[in-house]
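The values are calculated or read from the model by the stated rules, or taken from the named source; none is laboratory data. Bear in mind that the values here come from a model prediction, so they are computed numbers and not experimental data. A quick note on method: Cβ atoms are made from the backbone with ideal geometry, for glycine too, and the neighbour counts reach across all protein chains shown. Note: areas computed on protein heavy atoms with side chains; ligands, DNA, RNA excluded. Shrake-Rupley method; radii C 1.70, N 1.55, O 1.52, S 1.80 Å.
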Amino acid sequence: MIRTTVSDDVAGWLDVLGPLTFYLVVWGLVFVGTAFFVGVFIPFLTGDGLLFGAGIVAGSTDRIDILVLAVGVGVAAVAGDQVAFLLGRRYGRPYLESRKGRWVQAAVARTEKFYDLFGWWSVVIGRYMPWARVFVPVIAGVARMPYAKFLTANVFGALSWAVLITVLGYFAASDPSVRPVAYVVAGVVIAASVVAGIRAWRQERATTPRA
């Protein structure tokens with residue numbers, strides 16, 4: 001299903017835009033997904049599906065270089081989170097409160113608890129959870145997380161998420177012998193994100209006083 005939907009759509013971008021613009025669009029979507037809250041509204045176009053689909057496209061044609069693509073998405077992911085972190089640190093709590101909507105504010109509250117529970121690891125784990133991916137960097141900035149500490153978590157999370165999923169997509173398309181392994185690993189990554197979310201939810205319930 002992933003291959004026949006996401007990769008077909010992203011492959012269509014390549015046909016229309018050409019290789020250079022294709023790179024820029026994929027990198028740009030990864031960047032704005034966390035830098036400017038775009039991932040709240042179009043998580044499909046800024047998250048796992050985009051990366052996996054772009055990797056599949058790279059594995060299906062010689063017009064896209066997987067090394068250039070993977071390095072670019074890694075840099076874009078790090079840069080997006082750094083911008084979000086600095087915005088949160090500069091403008092503080094009012095910056096979060098300016099995001100209107102009941103769902104958004106509920107996601108902010110949930111992410112704050114997630115950050116309190118996992119600290120440094122929330123930046124890494126949050127990469128695999130659409131709502132946390134968008135809000136954790138800002139909340140880390142609001143909470144005045146040390147810059148160097150955030151940077152290490154950000155780089156580690158970007159490499160383990162953006163680069164890994166893109167490369168998995170590439171191998172899923174380019175090497176028939178590796179394809180089953182690539183899909184299994186992708187499934188494990190997705191399952192791990194679900195487990196992390198369930199763990200955060202259970203710990204949140206355990207620490208919330210009952211009425």
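Brief remarks follow.
- Tally of residues being more than 16 Å from the chain's Cα centre (by Cα) and open to solvent by less than 10 Å² (accessible area, probe 1.4 Å) across the stretch 68-94: 1
- Residues satisfying the stated conditions in the stretch 111-133, i.e. within 14 Å of the chain's Cα centre (by Cα), part of a helix (DSSP H, G or I) and either at positive phi or not polar (S, T, N, Q) (or both): Val123, Val124, Ile125, Gly126, Arg127, Tyr128, Pro130, Trp131, Ala132, Arg133
- Of all residues in the stretch 149-167, one or more are farther than 22 Å from Leu51 by Cα, touching a helix residue (DSSP H, G or I) at 6+ places or on another chain (Cβ under 7 Å) and part of a helix (DSSP H, G or I).
- When residues of the stretch 95-125 are limited to those that are more than 21 Å from Phe150 (Cα to Cα) and not hydrophobic (A, V, I, L, M, F, W, C), the one most open to solvent (accessible area, probe 1.4 Å): Arg102
- Residue count for the stretch 145-180, restricted to those that are of a type in the set (Lys, Arg) and at pLDDT below 90: 1
- Residues that are at pLDDT below 85 and of a type in the set (Gly, Ala, Ser) within the stretch 127-144 comprise just one, Ala132.
- The stretch 93-117: number of residues that are in contact (Cβ under 8 Å) with a residue 40 or more places away in the chain and of a type in the set (A, V, I, L, M, F, W, C): 5
- Those helices (runs of 4 or more DSSP H) of the stretch 33-110 in which 1 or more residues are closer than 21 Å to Gly126 by Cα, among the aliphatic types (A, V, I, L, M) and at pLDDT below 80 occupy 38-41, 93-97.
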